[in-house]
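Visitor: To start, I am sharing the structure in question, which I have written as structure tokens.
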Amino acid sequence: MNIFTVILVVIGAIFMIVAAIYAISRKDLLVATIATSIISLVLSVFFFILQAPDVALTEATIGVALTTIIFVVTIRNTKRHEEEEE
Amino acid sequence: MKRIITILLLGVTGYFVADAVFSIPFGVDKLNIAKEYLLNSPEELKVANTVTAVVVNFRGFDTLGEVTVLFLAATGLGSILFRRRKYHTGLNPQREAPQASRIVQVGGKLLFPLILLLGAYVFIHGHLTPGGGFQGGVIIATGYLLLLVSFRKFAVKHSSLTWVEAVAGVTFAGIGLTGLVFGKDFLENFLPTGVLNSLLSGGIVGIIYVAVGFKVASELTGILDTMLSIKVEVDEENEEN
Amino acid sequence: MTEELMQQILKISFYGASLALILIGLYGVLTKKNLIKILLSMAIAESGLNLLFVAIGYIMNGTAPIFSTAVLDENNQLLETVTMVDPIPQALVLTAIVIGLGVTAVGLALVIRLYKHHNTINIDEIRNLKW
């Protein structure tokens, strides 16, 4: 653990939280899905930093590829935009 | 109004959960049962990757249950999205969708065998390097996903997927039951363990992880094929209601 | 920068990020009306929980729990200088991620069926229990 890893972790944590808020607040569901896959990407880097290469591989394949594709397929079959509330 | 109540509720919950979580020390040695696993995995089982040893051997029954859950998810998905035969032509029903570009098609053909090779490498070396049955299976499923999105006429044969899945599941459970014949517990190692850090080491761990790899690959390919072959429009039968 | 300060910053980053993800996901589940958005929020909360599990199992300056030739001496004994992180949370999270994919897939299949029957995925507009 050197100083560069610490800086990377701090930037990644802030990036993750911003992406999560963005994913929740956007009305366009496709954009929200891509933001969620960005969270998974940062998360797999975090797992690698935390010395868990097995979990990093799983998160990189499942979280980034497969979860995103099944959400995109569902959005293609339903509606892309969330309705306005209240 | 509802939003304010939710934020207040989450604030209170978050305060107490944060209080509990931040009292856990970070980065210090908290091992107790893991010490036993870290000792046993290379000494008795000769498995280099301790995570694999925990997943497949020490908690193998847990993994058997997990594979069952995945099987149930694939089956449930198929039955939820079941459609009548007359709509199902056997082709990939993205007929209305435009053909993928030539670059994607040639790239998909070129990359598909390499992706299969990577997946097979990952689950065969699951007891030596990071990775294993789950990761390798998912990598193989992404290879099939590449073909499914590239070619409109590409369809996976669900009967052969079911066979691969069944054989892999029977292998997993059968190895566990064979242990009972040799006077061991269910899913306990009964084969010679070999030398640490060689390919043929770890007894039953490698065989079980290969079986898990085939099972996960076939189940996830089935899930992806079912999800991708949904028709876009609303069913005609429901518009009458 | 000293070791203790680095440890504190890492603790706040990892625990804080995972708690924030869990709370943001819970907020989405409680307030959103769109079914796909609810499933996305559940996926976000699950990511936060996985990160918390793995972060608790970490040991400062530890290595991955793999007995490769790099951490062993000639007699296949672990080198004195090497400490290994906890393998159990990693194994649990490994299975949790795969199960999470199955749960998400079944949930999205139900969403597609609901849309085909009711022509909407807003939970306020789906009132009748008739399937």
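Visitor: Take the residues of segment C:62-82 that are loosely packed, with under 13 Cβ neighbours inside 10 Å and of a type in the set (S, T, N, Q): which is nearest to the other protein chains (Cβ to nearest Cβ)? Talk me through it step by step, then tell me what you get.
Guide: First, the residues of segment C:62-82 that are loosely packed, with under 13 Cβ neighbours inside 10 Å: C:69-70, C:73-75, C:77, C:79-81.
Next, from what is left, pick out any that are of a type in the set (S, T, N, Q): C:69, C:75, C:77, C:81.
Values: C:69: 6, C:75: 11, C:77: 9, C:81: 15 Å.
Once the filter is applied, the top-ranked residue is C:69.
Visitor: Something else about it: Test of understanding: among B:143, B:137, B:132, B:108, which residue is on the phi > 0 side of the Ramachandran plot, touching a Leu at 6+ places or on another chain (Cβ under 9 Å) and crowded, with 18+ Cβ neighbours inside 10 Å?
Guide: Numbers: B:143 fails: on the phi > 0 side of the Ramachandran plot; B:137 fails: on the phi > 0 side of the Ramachandran plot; B:108 fails: on the phi > 0 side of the Ramachandran plot.
So the residue among B:143, B:137, B:132, B:108 that is on the phi > 0 side of the Ramachandran plot, touching a Leu at 6+ places or on another chain (Cβ under 9 Å) and crowded, with 18+ Cβ neighbours inside 10 Å is B:132.
Visitor: Within segment C:83-105, how many residues are open to solvent by 40 Å² or more (accessible area, probe 1.4 Å) and more than 15 Å from the chain's Cα centre (by Cα)?
Guide: Total meeting the criteria: 1.
Visitor: Do the conditions hold for residue C:126, that is, is it in contact with a His (Cβ under 9 Å, 6 or more places away or on another chain) and among the aliphatic types (A, V, I, L, M)? Full working, then the answer.
Guide: Numbers: in contact with a His (Cβ under 9 Å, 6 or more places away or on another chain): yes; among the aliphatic types (A, V, I, L, M): yes.
Yes: the conditions hold for residue C:126.
Visitor: If you don't mind, another one. Run residue B:35 past the list (1) farther than 30 Å from residue C:70 by Cβ; (2) exposed (fewer than 13 other Cβ atoms within 10 Å of the Cβ); (3) modelled with pLDDT under 90 and report the number of the one that doesn't hold.
Guide: Evaluating residue B:35 over (1) farther than 30 Å from residue C:70 by Cβ; (2) exposed (fewer than 13 other Cβ atoms within 10 Å of the Cβ); (3) modelled with pLDDT under 90 leaves (1) as the failure.
Here's the yes/no breakdown for (1) in contact (Cβ under 8 Å) with a residue 12 or more places away in the chain; (2) under 17 Å from the mean Cα position of the chain (by Cα); (3) within 28 Å of residue B:219 (Cβ to Cβ):
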position	(1), (2), (3)
B:35	no, no, no
B:42	yes, no, no
B:56	yes, yes, yes
B:68	no, yes, yes
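Visitor: With A:8, A:66, A:43 as the choices, which residue is more than 10 Å from chain B (Cβ to nearest Cβ) and closer than 16 Å to residue C:43 by Cα? Give the steps one after another, and end with the answer.
Guide: Values: A:8 fails: closer than 16 Å to residue C:43 by Cα; A:66 fails: more than 10 Å from chain B (Cβ to nearest Cβ).
Every option except A:43 fails the conditions.
Visitor: Now for a separate question. If a residue has to be crowded, with 23+ Cβ neighbours inside 10 Å and hydrophobic (A, V, I, L, M, F, W, C) to count, how many in segment A:43-61 make the cut?
Guide: 8
Visitor: Of all residues being within 8 Å of chain B (Cβ to nearest Cβ) and assigned to a helix (DSSP H, G or I) in segment C:50-61, which is least open to solvent (accessible area, probe 1.4 Å)? Just the residue, please.
Guide: C:55
Visitor: Something else now. Using the structure shown, decide if residue C:45 is within 22 Å of residue A:57 (Cα to Cα) and either facing another protein chain (nearest Cβ under 7 Å) or in contact with a Ser or Thr (Cβ under 6 Å, 6 or more places away or on another chain) (or both).
Guide: Numbers: within 22 Å of residue A:57 (Cα to Cα): yes; either facing another protein chain (nearest Cβ under 7 Å) or in contact with a Ser or Thr (Cβ under 6 Å, 6 or more places away or on another chain) (or both): no.
No.
The values are calculated or read from the model by the stated rules, or taken from the named source; none is laboratory data. This is a predicted model, so every value here is computed, not measured. Glycine also receives a Cβ, built like all others from the backbone with ideal geometry; neighbour counts cover every protein chain displayed. For the accessible areas, the whole protein counts, side chains as well, though only heavy atoms, and no ligand, DNA or RNA atoms are used. Shrake-Rupley method; radii C 1.70, N 1.55, O 1.52, S 1.80 Å.
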